[in-house]
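Asks: Attaching a single structure in structure tokens format; questions to follow.
No lab work stands behind these numbers, since they all come straight from the coordinates. Because the structure is predicted, anything quoted here is derived from the model rather than measured. Cβ sites come from the backbone with ideal geometry, for glycine too, and all protein chains shown count toward neighbours.
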Amino acid sequence: MTTTYAVLSEGLEKRFGAVHALRGLDLAVAEGTVCGLLGPNGAGKTTAVRLLTTLLRPDAGSARVAGHDLVREAAAVRSRIGVTGQYASVDGDLTGRENLRLFARLHRVRGPAARADELLARFGLTEAAHRKASTYSGGMRRRLDLAASLLRRPDVLFLDEPTTGLDPASRNGIRQAVRELKADGTTVVLTTQYLEEADQLADEIALMDRGRVAHTGSPAQLKSLIGSFAEAVVASGDALPKAAAVLDRITGREPVFDRERNAVGAVTTDSTLTLPRLVRELDAAGVPLLDASLRPPTLDDVFLRLTEGSERSVDHKERAA
Ligand SMILES: Nc1ncnc2c1ncn2[C@@H]1O[C@H](COP(=O)(O)OP(=O)(O)OP(=O)(O)O)[C@@H](O)[C@H]1O
Ligand SMILES: [Mg+2]
């Protein structure tokens, strides 16, 4: 079976004056999958979403989204996709129901009233449907925004940080909605600051750094790239060098110290290293061991390791605030 891509971009570029926000974005998202777009602040995630949803025109490069050329067939792309932005776009002066009905009519959805009510119910907003959106909590607004983006049953849904700043219950609600959409066959591209969210939802992660996709893979693949983290906690600081020497020998990597916890650890990609062997080796070397662990990396570790050395850009955050 050949893979059909809902999103396939090649060399997308975007400059804002002197800022080269996208420097050749190559992204492939298979139909019916969830792609997590991750990266440090300023990596170009929002710019990528805005380009791929036709809100911005690329300076160079090309892409097909939902089977259509991004630039030449922008209207067709727009008719097949849904998008919710990093900053919610509902009208506070209208009620939840009015917002959805308005969007539905703008987009010529058949049976706008019924479709609006169906989505209000799906996102737990039926009770609040008659209230102005300005009285909604952040989580309710985000859910309304998501409902609006689903009015037309898009083939590809782009979500830019859909859960940022929400409480755990609202986050879970949105995550559940993403799972249901995927089960319905919708392709989802989502950016997120929460690594555990990408871990839970994404089939494939594209790790962005400085305007490019730096790494792609399943969450498990990205983790295996890093290996595990072996750590020893010792009874006193004097024993740290001895423990470090053992870790250095068995991992072949330079150990890192956490002197506050009397701990020393090292990354290892040696899949034959087990916790019992780690403990045996430390013990045999006479290390007064309090605790030892061998843990798989979190996506945070992956993220930090694979985007090491990237300049963190915060200027635009301040501007947006
Ligand atoms: N309209 C604009 N004008 C000028 N510079 C911009 C504009 N939009 C984005 N940029 C710059 O482009 C770069 C990429 O920004 P973008 O918003 O795409 O990053 P991001 O990965 O979404 O970051 P965050 O995690 O903070 O949301 C940043 O350096 C930003 O300052
Ligand atoms: Mg962003």
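Asks: 7 Å from Cα along Cα→Cβ at both Asp93 and Leu55: what's the point-to-point distance in nm?
Replies: 2.2
Asks: Just the ratio, please: alpha-carbon radius of gyration of the chain over 2.2 N^0.38 Å, N its number of residues.
Replies: Numbers: Rg = 23.5 Å, N = 321, 2.2 N^0.38 = 19.7 Å.
Its radius of gyration relative to the 2.2 N^0.38 Å reference: 1.19.
Asks: What residue among Asp203, Asp258, Asp160 has the largest mean-square fluctuation in a Gaussian network model of the chain, using Cα springs under 10 Å?
Replies: Most flexible of the set in this elastic network: Asp258.
Asks: How much length, in nm to one decimal, is gained on full extension between Ala183 and Asp203, taken as 0.36 nm per residue of separation minus their Cα-Cα distance?
Replies: Result for the pair: 5.9 nm of gain on full extension.
Asks: I want to make sure I understand the PRE zone here: with the label point 7 angstrom from the Cα of Ala18 toward its beta carbon, which residues in the stretch 201-240 have backbone N atoms less than 20 Å away?
Replies: In the stretch 201-240, the label zone of Ala18 (backbone N under 20 Å from the point 7 Å along Cα→Cβ) covers 210-211.
Asks: Moving on to the next point. Suppose R0 equals 25 Å; then what is the FRET efficiency for Ala30 and Thr269 from their Cβ-Cβ distance, rounded to the nearest 0.05?
Replies: Working: r = 27 Å, r/R0 = 1.10.
Efficiency, rounded to the nearest 0.05: 0.35.
Asks: Here's something else I'd like to know. Under Stokes-Einstein, with the Kirkwood radius over Cα pairs standing in for Rh, what whole-number D in µm²/s applies to the stretch 242-288 at 10 °C and 1.306 mPa s?
Replies: Working: Rh = 10.9 Å.
The Stokes-Einstein estimate is 146 µm²/s.
Asks: For the chain, modelled as a GNM with alpha-carbon contacts under 10 angstrom, which of Glu260, Glu161, Glu196 fluctuates the most?
Replies: Glu260
Asks: Still on this model: How many angstrom lie between the Cα centre of the stretch 77-126 and the Cα centre of the stretch 27-51?
Replies: One Cα centre to the other: 23 Å.
Asks: Pick from Thr269, Thr163, Thr84: which is most flexible by mean-square fluctuation in a GNM of the chain where alpha carbon atoms under 10 Å apart are linked?
Replies: The residue with the greatest mean-square fluctuation here is Thr269.
Asks: Using only alpha carbon pairs under 8 Å that are at least six residues apart, calculate the relative contact order of the stretch 1-158 and give it in whole percent.
Replies: Details: 247 pairs, mean separation 34.8, N = 158.
Value for the stretch 1-158: 22 percent.
Asks: Order 222-235, 55-68 from most to least packed using the mean count of other Cβ atoms within 10 Å.
Replies: Details: 222-235: 20.1, 55-68: 17.5.
Per-residue Cβ counts within 10 Å, averaged per peptide and sorted highest first, yield 222-235, 55-68.
Asks: Could you let me know the centre-to-centre spacing of the stretch 136-150 and the stretch 192-257, using Cα atoms, in angstrom?
Replies: Each part reduced to its Cα centre gives a spacing of 35 Å.
Asks: Within the chain, how many Lys pairs that are eight or more residues apart, or on different chains, come under 30 Å at the alpha-carbon?
Replies: Lysine pairs meeting both conditions in the chain amount to 10.
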